[in-house]
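Structure first, commentary second.
A short reminder: the numbers here are calculations on the coordinates, not readings from a lab. What you see is a predicted model, and the numbers here were worked out from it, not measured in a lab. In this analysis, Cβ positions are derived from the backbone assuming ideal geometry, glycine residues included, and neighbour counts consider all displayed protein chains.
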Amino acid sequence: EEFLQENFDGRVMSIADLQKYQQLTPERGPQDLIRSLATGAPNHPPLYYIMVRFWVQLFGNSVAITRSLSAIISLLAFPCLYWLCLELFTVYWVGWVAIALVAISPFHIIYAQEAREYSLWIVTTLLSSAALLRAMRRQTLGSWAIYTISLVLGFYTFLFAVLVAIGQGIYIFVLEKFSWTKTLKAYLLASLAAVILYFPWIVAVIANWQMLNMTTSWTTEEIPISSLIAAWGSNVSRLFIDLGLEPNSGSSYVISLATFILVIYAIYFLCRQTPRRVWLLIVGLIAVTPVVLILPDIISGGQRSASARYFVPCYLGIQLAVAYLLASQLRGTQQKRIWHGITALVLTSGVVSCAISAQAQVWWNKAVGADNPQIAQIINQTSEPLIITNLDSTNPANIIALSYLLDPQTKFQLVIDPNMPQIPAKFSNIFLFNP
């Protein structure tokens, strides 16, 4: 919000003028960060960004340092995943297979490098699920308190953590057969405590509802249903294989179909081979988010469900189901050779995919700034370039992202329609960015 107010006024600015908004300033503390998020981006709760602030304060403010926090946080997913598998299946070998799948998953590798909250959301989703199962098993005040804390951490990480809590609530109510049992009472008290602790951000979201709608308005822009279906298939397949193919390509459809068959069979196998207390939690993780995001897109139009990052709980549930399938079949006596081959293919696909994406300048998760490297290459070949853009056609964050790829002498001029910029005569190489 501050960036918009201070820079879209037609002044000629340097790269340093733009990048200073990502620098720490002594006069601004965590409370200013929280206030800025609440009023300017209420769809981004503050926990991850507070962690980033202290991280760069300790280790420096480079892009690599900022992203390294997400990478370190992503490592916490492994113990949480192993714990969840132990609580679910009570055997260690499913946990190791699940860790292997996540460790070489193209989706997880991509978001472990993002300076955004999604790796932390992965951790809190796994943590709250494991903590819930532990609390149900032990039935102690301390175990339910841990579950409450894990819920609060999730809520303050990403708004859609509420969907995880809804899935867990459905799980409890169904298991307890909607009876007023000790477990249900404890769950409701723990959830109520979490909601009370989350109440300040609920107030912030309601108070800034108009800003929330504005910053997420792109999700309601209609795209063809064929593009949505292609995105759904590609996003799921990227859990296991990601070769950089276009979602609408024939090869992508084949990969998506093969992945879909594997996932459906894994869920079927899970439901047939495990008790309800096991498969119901995983199916809840898988089902709730798609229902909430896909149905509105189909009924009223939009592209909410095209964004892979919103489906973190669903994808974790899918990987748990596939991990159980592979682990069980590898230890079985029938068709072991076939399942050794399938497991090797899945793991090899992940490793190859990560190797391919590591060589690329941009990947599918950078849809907004996908062309920035080519744009920067063209601009950097000129002398004293001036880049002009307006607020209506440009994502402000993308302007800053582009600035890191440009030579220091590059200047920017940001305007708001219908204002016309006054272009200084000294600039002969003028570029319109997203005109």
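Quick one: check the C-alpha center-to-center distance for region 327-381 versus region 24-77, whole angstrom.
28 Å
In terms of modelled amide H atoms, which long-range or inter-chain residues lie less than 5 Å from the amide H of F431?
L386, I387, I388
Near R277, within a Cβ-to-Cβ distance under 14 Å, what is the net charge of the other residues, with Lys and Arg +1 and Asp and Glu -1?
Once all neighbours under 14 Å are counted, the net charge is +2.
How are the alpha carbon pair distances in region 152-242 distributed across 10 Å bins from zero to the largest one, expressed in percent?
All Cα pairs, binned at 10 Å, distribute as 13, 27, 29, 26, 5 percent.
Percent of Cα-Cα pairs per 5 Å bin, from 0 to the last occupied bin, for region 20-109, please list those.
Bins of 5 Å from zero give 2, 12, 17, 16, 14, 12, 11, 9, 5, 2, 0 percent of pairs.
Within the set of other residues whose C-beta is less than 13 Å from the C-beta of A131, count the net charge using Lys and Arg as +1 and Asp and Glu as -1.
Neighbour charge sum, excluding A131 itself: +2.
List the extent of the Cα atoms of the chain along each of their three principal axes, largest first, rounded to whole Å.
77, 49, 45
Could you state the angle between the C-alpha long axis of helix 141-155 and the longest principal axis of the C-alpha atoms of the chain, as a value from 0 to 90 degrees rounded to the nearest 10?
Taking the Cα atoms of the chain, the angle to 141-155 is about 30 degrees.
If we sort 123-134, 10-21 on the protection proxy, mean other Cβ atoms within 10 Å, highest first, what's the order?
My ranking of the peptides, most packed first, is 123-134, 10-21.
Any chance you could give the angle, 0 to 90 degrees and rounded to 10, that helix 92-103 forms with the longest Cα principal axis of the chain?
The angle comes out at about 20 degrees.
Specify the angular offset, from 0 to 90 degrees and rounded to the nearest 10, of the alpha carbon long axis of helix 182-207 from the longest principal axis of the alpha carbons in the chain.
Tilt relative to the chain: about 10 degrees.
Could you state the orientation-averaged shadow area of the convex hull built on the Cα atoms of region 276-435, in nm² to one decimal?
14.8 nm²
Would you mind giving the three semi-axes, in whole Å and largest first, of the ellipsoid equivalent to region 67-128 according to its Cα gyration tensor?
Result for region 67-128: semi-axes of 22, 12, 7 Å.
L257 to A425: FRET efficiency via 1/(1 + (r/R0)^6), r the Cβ-Cβ distance, R0 60 Å, to the nearest 0.05?
E between L257 and A425, to the nearest 0.05, is 0.50.
Among S62, P385, Q319, pick out the residue whose Cα is farthest towards the positive end of the charge dipole of the chain, where Lys and Arg carry +1 and Asp and Glu carry -1 on C-beta, about the Cα centre.
Result: Q319, furthest along the dipole toward the positive end.
Cβ neighbours within 10 Å, averaged per peptide: list 238-249, 60-71 in order, most packed at the top.
238-249, 60-71
To the nearest whole percent, what portion of all C-alpha pairs in region 71-210 is separated by more than 22 angstrom?
Distances greater than 22 Å cover 43 percent of the Cα pairs.
Looking at the P(r) of region 147-301, how many percent of alpha-carbon pairs lie beyond 28 Å?
38 percent
Which order do peptides 189-199, 214-224, 282-292 fall in by mean Cβ count within 10 Å, highest first?
Top to bottom by mean Cβ count within 10 Å: 282-292, 189-199, 214-224.
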